[in-house]
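The values are calculated or read from the model by the stated rules, or taken from the named source; none is laboratory data. Keep in mind the model is a prediction, meaning the values are calculated, not measured. Heads up, the Cβs are rebuilt from the backbone with ideal geometry, glycines too, and the neighbour counts pull from every protein chain shown. Surface accessibility is based on the protein's heavy atoms, side chains included, excluding ligands, DNA and RNA. Shrake-Rupley method; radii C 1.70, N 1.55, O 1.52, S 1.80 Å.
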Amino acid sequence: MKTHLKVVNIDCRNDYSDEQRQIAAFGSELILRQTSSEQDIVDVCRDADVVLDESSHLPAHVIDQLQACQAIIVYGVGYDRVDVAAATRRGIIVANVADYCTEEVSDHAVALLLAGARRV
């Protein structure tokens, strides 16, 4: 079993110090990249073991080029941007973060309700 994993985040928009710390504790590395096209994703992730995704689309023709990928993890409650069937054919696990931003979304919804009630 491989002990040093290459983890690539392809949509860097936030602070990833927690992820970097946790991944480093396992002797692996987190590579942060802002990708702008499907070809960028392939170039950056071709030899990645794990791909972290916030908003990119990962269709079958992209997934088929991820030669070392073992898992795709989506920051969010859904994974509709990932071709799960293509990943499954390649033996790639697809996972999401089911409670990602749920507190922020509920806070925002209540704030909008109050704003509407006050006609702000």
Under unit Cβ charges (Lys, Arg +1; Asp, Glu -1), what dipole magnitude, rounded to 20 debye, does the chain have relative to its Cα centre?
-> 100 debye
In a Debye calculation with equal point scatterers on the alpha-carbon sites of the chain and no solvent, what is log10 I(q)/I(0) at q = 0.12, 0.18 Å⁻¹?
-> -0.49, -0.92
Express the C-alpha Rg of the range 77-118 as a ratio against the empirical globular expectation 2.2 N^0.38 Å, rounded to two decimals.
-> 1.84
Per residue, how much accessible area does the chain have with a 1.4 Å probe, in Å²?
-> 63 Å²
If you take the charge dipole of the chain about its Cα centre, with +1 on Lys and Arg Cβ and -1 on Asp and Glu Cβ, which of Leu5, Gln22, Ala71 is farthest toward its positive end?
-> Ala71
Over the chain, the sum of -39500 (n - 2.57) across DSSP H runs of at least four, divided by residue number and rounded to 500 deg cm²/dmol, gives at 222 nm -10000 deg cm²/dmol
May I ask you to give the percent of accessible area on the range 1-99 that is carbon plus sulfur, with a probe radius of 1.4 Å?
-> 52 percent
